[in-house]
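J.: Just dropping this structure here.
The values are calculated or read from the model by the stated rules, or taken from the named source; none is laboratory data. It should be emphasised that the depicted structure is a prediction, and the values quoted were computed from it without experimental measurement. Because the Cβ atoms are built from the backbone with ideal geometry, glycine has one as well, and the counts that use them run over all protein chains shown.
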Amino acid sequence: MTTQTGFVLTEELVEQFYREGYFYAPGFLAPETVEAINRENEAFAYAPSDGKWRSKAIIRIEEERGDYPHTTAFLTDPAIVSVFERILCNPVKLWMGMYAVVAPGGNGLEWHQDNQYTHILGHMLNGFIALDFIDQSNAGLWLAPGSHLLGRQPNLNEGEGHKRAAEPENGAPCLPMAPGDAVFFHRETLHHSKKNNTDKPRRAYAFQVASANCRYAKTGMLLEDRVLLSGYRSSR
């Protein structure tokens, strides 16, 4: 199966990632890959829910590839991994992948940075891939350009659960995204999504990839518990 289409990563896009904290990658996944990922996650997407944002995570690829062969195949595809490596200028590890769903009438997540959760030192990227047509009618993504330069923000929510940052002044909705379109952003870029005002679930694939030299802030340890994606497929 062809995973990617004709997307080409340029040095200008890499520079934008570090300068603005994000860039768009239209047509990042081929239509047949989008369809395959949706098929193997269909039960999760349409399961009864309380209307809240929810996700099905993949962290340990070897344990998940039997149930989610197409999802794990795209995450380990050498052509896709090479894009991550060019952006981060280093071999990369998968922090996690998430099949993310906002139910009909449900709300997305408040403004936050993913580094507000587990605090990691070093450069990491997030990918958000549309698996449906996504715009502001169905919980489209919002980003705050340049917010990654502010550093890790305090969590305004008490206790466990979802984190929340102060709403940025320059938050803006992402462009409408067709299935397979992606936006890449820094782990410390502020982002959120609003309400799904349609009668269908909003499906997307979100993932986080870390430079192999990233370390846990609390311990100073390397991310030894995460899978190195470089050469993963060829070694199995």
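J.: Any residue at all in segment 80-96 that is aromatic (F, W, Y) and either at pLDDT below 95 or more than 30 Å from N197 (Cα to Cα) (or both)? So that I can check it myself, show each step before the final result.
T.: So the first thing to find is which residues in segment 80-96 are aromatic (F, W, Y), and the list is 84, 95.
Pick out the ones that are also either at pLDDT below 95 or more than 30 Å from N197 (Cα to Cα) (or both) and you get 84, 95.
Checked segment 80-96: at least one residue is aromatic (F, W, Y) and either at pLDDT below 95 or more than 30 Å from N197 (Cα to Cα) (or both).
J.: If you don't mind, there's one more thing I want to ask. Being assigned to a loop (DSSP other than H, G, I, E, B) and out of contact with any Pro (no Cβ under 7 Å at 6 or more places or on another chain) is the filter here, so list the residues in segment 9-23 that pass it. Talk me through it step by step, then tell me what you get.
T.: Residues of segment 9-23 that are assigned to a loop (DSSP other than H, G, I, E, B), as a first pass: 9-10, 21.
Listed by number, the residues that qualify are L9, T10.
J.: For the condition over 20 Å from P176 (Cα atoms), acidic (D, E) and in contact with a strand residue (DSSP E or B) (Cβ under 9 Å, 6 or more places away or on another chain), what is the one hit in D67, D50, D77?
T.: Numbers: D67 fails: in contact with a strand residue (DSSP E or B) (Cβ under 9 Å, 6 or more places away or on another chain); D50 fails: in contact with a strand residue (DSSP E or B) (Cβ under 9 Å, 6 or more places away or on another chain).
Testing whether each residue is over 20 Å from P176 (Cα atoms), acidic (D, E) and in contact with a strand residue (DSSP E or B) (Cβ under 9 Å, 6 or more places away or on another chain) leaves just D77.
J.: Checking S147 against (1) under 22 Å from L9 (Cα atoms); (2) surrounded by 21 or more Cβ atoms within 10 Å (Cβ to Cβ); (3) out of contact with any strand residue (DSSP E or B) (no Cβ under 8 Å at 6 or more places or on another chain), only one condition comes out false. Which one?
T.: (1)
J.: Could you grab me the full set of residues in segment 27-74 that are outside any helix (DSSP H, G or I), farther than 13 Å from Y99 by Cα and hydroxyl-bearing (S, T, Y)?
T.: S49
J.: Now, a different point. Name every residue in segment 218-232 that is assigned to a loop (DSSP other than H, G, I, E, B) and surrounded by 14 or more Cβ atoms within 10 Å (Cβ to Cβ), in order of residue number. Before the answer, list the steps.
T.: First, pick out the residues of segment 218-232 that are assigned to a loop (DSSP other than H, G, I, E, B): 218-221, 223-226, 229-232.
Within segment 218-232, L223, R226, L229, S230, Y232 meet the criteria.
J.: Give the number of residues within segment 86-114 that are small (G, A, S) and under 19 Å from I37 (Cα atoms). Reasoning before the result, please.
T.: Going residue by residue through segment 86-114, those that are small (G, A, S) are 97, 100, 103, 105-106, 108.
This time we only want the ones that are under 19 Å from I37 (Cα atoms), so: 97, 100, 103.
Of the residues in segment 86-114, 3 are small (G, A, S) and under 19 Å from I37 (Cα atoms).
J.: Residue by residue through segment 115-144, note down the ones that are of a type in the set (G, A, S) and either surrounded by fewer than 20 Cβ atoms within 10 Å (Cβ to Cβ) or more than 29 Å from A45 (Cβ to Cβ) (or both). Explain how you work it out, then say what you get.
T.: To start, the set of residues in segment 115-144 that are of a type in the set (G, A, S) comprises 122, 127, 130, 137, 139-140, 144.
Within segment 115-144, G122, S137 qualify.
J.: While we're on this one: Would you confirm whether or not segment 175-185 contains a residue that is farther than 25 Å from L94 by Cβ and surrounded by 19 or more Cβ atoms within 10 Å (Cβ to Cβ)?
T.: no
J.: Could you list, in sequence order, the residues of segment 174-217 that are over 24 Å from P31 (Cβ atoms) and in a loop (DSSP other than H, G, I, E, B)? I'd like the intermediate steps shown before the answer.
T.: Keep residues of segment 174-217 that are over 24 Å from P31 (Cβ atoms), which gives 186-192, 194-195, 197, 208, 210-217.
Of everything in segment 174-217, those that are over 24 Å from P31 (Cβ atoms) and in a loop (DSSP other than H, G, I, E, B) turn out to be R187, E188, T189, L190, K194, N197, A212, N213, C214, A217.
J.: So which residues in segment 204-217 are surrounded by fewer than 21 Cβ atoms within 10 Å (Cβ to Cβ), of a type in the set (A, V, I, L, M, F, W, C) and more than 13 Å from V81 (Cα to Cα), if there are any at all?
T.: Scanning segment 204-217 gives A206, A217.
J.: May I pose another question? Is it the case that E160 is outside any strand (DSSP E or B) and at pLDDT 95 or above? Even if it seems obvious, please write down each step before you answer.
T.: Working: outside any strand (DSSP E or B): yes; at pLDDT 95 or above: no.
For E160, the condition - outside any strand (DSSP E or B) and at pLDDT 95 or above - is not met.
J.: Tell me, which residue of segment 119-154 that is more than 17 Å from the chain's Cα centre (by Cα) and assigned to a strand (DSSP E or B) is farthest from N90 (Cα to Cα)?
T.: Ranking the candidates gives N138 first.
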